[in-house]
1. Considering LEU79, LEU124, LEU120, which residue is surrounded by 13 or more Cβ atoms within 10 Å (Cβ to Cβ), assigned to a helix (DSSP H, G or I) and at pLDDT below 80?
2. Restricting to the range 82-115, count the residues that are basic (Lys, Arg), in a helix (DSSP H, G or I) and either modelled with pLDDT of 70 or more or within 22 Å of the chain's Cα centre (by Cα) (or both).
3. Taking the range 154-192, which residues are free of Cβ contacts under 8 Å to residues at least 12 places away in the same chain and polar (S, T, N, Q)?
4. With (1) farther than 23 Å from ASN108 by Cα; (2) surrounded by 12 or more Cβ atoms within 10 Å (Cβ to Cβ); (3) out of contact with any Ser or Thr (no Cβ under 8 Å at 6 or more places or on another chain) as the list, and ALA141 as the residue in question, which single condition is left unmet?
5. State all residues of the range 183-225 that are surrounded by 12 or more Cβ atoms within 10 Å (Cβ to Cβ) and outside any helix (DSSP H, G or I); if no residue qualifies, say none.
Amino acid sequence: AIARTLRLARGTARRFARADSPDELLTKDGTGRRPSMLEEFTPSPYWRWNAGCTDAARLREEIQAPGYRGSYATARDHLRPFRSGTTAPEPVPAPPTVRPVAGWIIRNPRTLDPGEEHQLKAILARCPHRNTVHGHVRAFARMMRPRRGDRLTDWMATVLAADLPEPHSFSTGLRRDRHAVTAGLTLPWSFGPVEGHINRIKMLKRQMYGRANPDLLRTRVLLAD
């Protein structure tokens, strides 16, 4: 209706309606060529193409989740040179998964190799929330290693002020047992040996499939060493 009222082509009216800012309506590099809608998502189809996925319809569905609003024909035409072999996409490394990134965040920074450190810095720079979580983890590690339990209350207050759900949940769990956690972060003793004995008793019970009476279980526990 807008295109008919303004006597514009449907594609032009659609481009104006979908633009988030006036900059999206400007041409690129003074060449008169408008930027393609796929340029923002170019690394994703390149990476999937190099991984062996050459179905244009499937690639379009995958980039629709992060915000691609173009048609199937646009995605197909963008990938056509790759299919004919006239243009080879540049290799794009696969992004790291959640598990290694979480490991990089909780590890001592001195144990990261240069490649891991570079990737972690790039990931944190792209997401301010993740960078904030990384700061909370590092602050907790600096409190835990030298056993500075007196800083726990200030750390929990800082976490609650950041308004992030995951650190909030962790801080709430610590608050329920604040005195025990403070003691664990302050005193040199550990509850580890007790937990080890409990796990050993559970292992002995599982070996007997629950058919052992207390006397037999006590004998096995005492003679296990």
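1. Working: LEU124 fails: at pLDDT below 80; LEU120 fails: at pLDDT below 80.
From the options LEU79, LEU124, LEU120, the qualifying one is LEU79.
2. Taking the range 82-115 and keeping what is basic (Lys, Arg), we get 83, 99, 107, 110.
The next check asks that each one be in a helix (DSSP H, G or I); those that pass are 83, 99, 110.
Now restrict to residues that are either modelled with pLDDT of 70 or more or within 22 Å of the chain's Cα centre (by Cα) (or both): 99, 110.
Result for the range 82-115: 2.
3. Passing the criteria: SER169, THR172, SER190.
4. Exception for ALA141: condition (1).
5. Across the range 183-225, the qualifying residues are LEU185, THR186, MET208, ALA212.
The values are calculated or read from the model by the stated rules, or taken from the named source; none is laboratory data. Values in this document were obtained by computation on a predicted structure and should not be read as measured data. Using ideal geometry, Cβ is built from the backbone for each residue, glycine included, and neighbour counts are taken over all protein chains shown.
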